[in-house]
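Taking it in order: structure first as structure tokens, then the write-up.
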Amino acid sequence: MNNVVIAPTPTDWNGDVMQKRIARRYAAERRFKAMGFFSVALSTLFLAFLLFTMLGQGLRGFQRTEVAVEFDFPTLTAGTTAASIMGPNADAALNSMDIPGLVELAVGQQYAGLEDGLLTSAAAANVRQMLADNPDLITSKQTLWLPADTRLDVAFKRSGEPAAEKTVAALSQKDALRTGFNWTFLTGADTTDPSSVGIWAAFKGSLMTMAITLLLAFPIGVLSALYLEEYASKNRLTDIIEVSINNLAAVPSIIFGLLGLAVFLTMFGMPRSSALVGGLTLALMTMPVIVIAGRNAVKSVPPSIREAALGIGASPVQVVFHHVLPLALPGILTGTIIGMARALGETAPLLMIGMRAFIPAAPQGFSDAATALPVQIYLWSDEVNQGFVEKTSAAIIVLLIFLLGMNALAIYLRNRFETRW
């Protein structure tokens, strides 16, 4: 029986069936592209809405409303000369002056019937600082711009209480109101008056806390990843350690706050509400993320790099630190960015160790009482005064700028050490 070879039937590319298949394939591809484009557009829309809302409220937080007040200093401070508030005894001379009463008298003379609730409580401190900076003011008649009360500030920037809006209208007719950049918000600390609050104390506390976190979590996390990947034996113990590290990376952050409360505050008696304890607590939370990212980055280095280094006489330590670690550093920095960004925005662990305290001044050392930007935002968002609404949004903007700056530095370092194969 002869073997019969059956020639394959050529594909009919021009047939109706094949054309329908190709059309369905192209249609599926277009639908996939459309879904991807819709997803990107939707996420961009949500991000734009968030930024627009936050900027719309937050930018007003960087401004403050000021009232023009005329001071006839020679009449109001009879007997006081510029020489008396200069030199080494200037503070004593200024303290002897009734500056709050002087401000109240000047406002009463110029704005009779409107003086109640016209200026914030920080107005007297502003006048005192102006006199300290320029003692010659005491010998002349000056118009000073002083911070307005919170009700007037809210009513002038947007709608507020009816009584405050009437006062704003009366002052606007006299050209006695203006808005200026609120430098106090960038240089001050927390107060009970929203017109005089500042974020410098919280910003410095976050900076010090992040410094402690990075100095502890980064070297320990990188060295742990190198040891587990390059030196540790593969046995049951290392398997348990690996599982534990993976579990720690998924533990809720408040658990680390409880750990910091029990270990650092209760057991070791470290100072409560300090940047030192906050940094130690956040370092415990960040370290597993850096270890996992570090191990993955070390694994991604080709074995040929190790073999070539050993082949030219490098020791195992030189192979790790001269060849493997520099090539794995970009991936390690990526994990560090993720871990530090998470630590910067955490609030729950810091609340557990007492960093929610009212801090009226910036910390001078790592053991001083401090707060952090996320905690400060949380505290301001819980206030009933409407003036804190825009201050909360403004503090969020500062936090985002801080985060973007920190990430930009890390990304620059990652790209600096990145090697393309």
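The values are calculated or read from the model by the stated rules, or taken from the named source; none is laboratory data. Since we're looking at a predicted model, the values are computed, not measured. Cβ: placed from backbone, ideal geometry, glycine included. Neighbour counts: every protein chain shown. Calculation scope for accessible area: heavy atoms of the full protein, side chains included, ligands and nucleic acids excluded. Shrake-Rupley method; radii C 1.70, N 1.55, O 1.52, S 1.80 Å.
Roughly how many Å is it from the Cα centre of the stretch 353-371 to that of the stretch 319-344, as a whole number? Centre-to-centre (Cα) distance: 31 Å. Listed by chain and number, the lysines whose alpha-carbon sits under 18 Å from that of residue 391, ignoring those within fewer than 8 places in the same chain, are 157, 204.
Take the convex hull of the alpha carbons in the stretch 270-421; its mean projected area over all directions comes to 11.5 nm².
Ordering 392, 192 by accessible area with a probe of 1.4 Å, largest first, what comes out?
Numbers: 392 15, 192 120 Å².
Order by accessible area, largest first: 192, 392.
Of 353, 240, 212, the residue with the largest accessible area leads and the full order is 240, 212, 353 (1.4 Å probe). Largest GNM mean-square fluctuation across 339, 205, 101, computed for the chain with C-alpha springs under 10 Å, falls on 101.
When the solvent-accessible area of the chain is split by element, carbon and sulfur atoms take up 63 percent of it, the probe being 1.4 Å.
The lysines whose alpha-carbon is closer than 29 Å to the alpha-carbon of residue 234, local same-chain residues fewer than 8 away aside, are 299. Ranking of 35, 54 by solvent-accessible surface, largest first: 35, 54 (1.4 Å probe, protein heavy atoms only, all chains present). Calculation over all alpha carbon pairs of the stretch 182-236 in 10 angstrom steps from 0 returns a P(r) of 21, 25, 18, 15, 12, 8, 1 percent.
Structure remark: mean-square fluctuation, Gaussian network model of the chain, C-alpha springs under 10 Å; the largest value among 273, 159, 381 belongs to 159. Against the chain, whose longest principal axis comes from its Cα atoms, helix 200-226 is set at around 20 degrees. Expressed per residue, the C-alpha convex hull volume of the stretch 342-394 stands at 95 Å³. Within the listed set 261, 280, 400, the residue fluctuating most in the Gaussian network model of the chain (springs between alpha-carbon atoms under 10 angstrom) is 400. Only aspartates and glutamates eight or more places from residue 166 in sequence, or on another chain, were considered; those with a Cα closer than 17 Å are 66, 115, 116, 149, 153, 175. Cα-based values for the stretch 89-129, radius of gyration first and Dmax second, are 11.4, 38 Å. For the listed peptides 243-253, 340-350, a ranking on the average number of other beta carbons within 10 Å per residue, highest first, reads 340-350, 243-253.
Quick one: work out Rg over Rh on the C-alpha atoms of the stretch 105-162, Rh as Kirkwood radius. Present the calculation step by step, with values, prior to reporting the outcome.
On the way: Rg = 13.3 Å, Rh = 12.9 Å.
Ratio value, two decimals: 1.04.
The convex hull around the C-alpha trace of the stretch 286-350, projected and averaged over every direction, spans 4.7 square nanometres.
Residue-normalised convex hull volume from the C-alpha trace of the stretch 129-186: 103 Å³ per residue. For a modelled paramagnetic label at residue 315, 7 Å from Cα along Cα-to-Cβ, the residues of the stretch 222-262 in reach, with backbone nitrogen under 18 Å, are 227, 230-232.
Per residue, what volume in Å³ does the Cα convex hull of the chain take up?
Working: hull volume 125.9 nm³, N = 421.
Convex hull volume per residue, Cα atoms: 299 Å³.
Gain on full extension, evaluated as 0.36 nm per residue between residue 70 and residue 215 minus their Cα-Cα distance, stands at 46.9 nm.
Sort the following peptides by mean Cβ neighbour count (other Cβ atoms within 10 Å, averaged over residues), highest first: 302-314, 356-368, 118-130. List each step's numbers first, then the result.
Values: 302-314: 11.5, 356-368: 15.1, 118-130: 19.6.
In descending order of packing, they fall as 118-130, 356-368, 302-314.
Between residue 243 and residue 400, the distance separating the two model label sites (each 7 Å from Cα on the Cα→Cβ line) works out to 4.3 nm. One chain, two ends: residue 139 and residue 258. Fully extended at 0.36 nm per residue, the span grows by 36.9 nm beyond their Cα-Cα distance.
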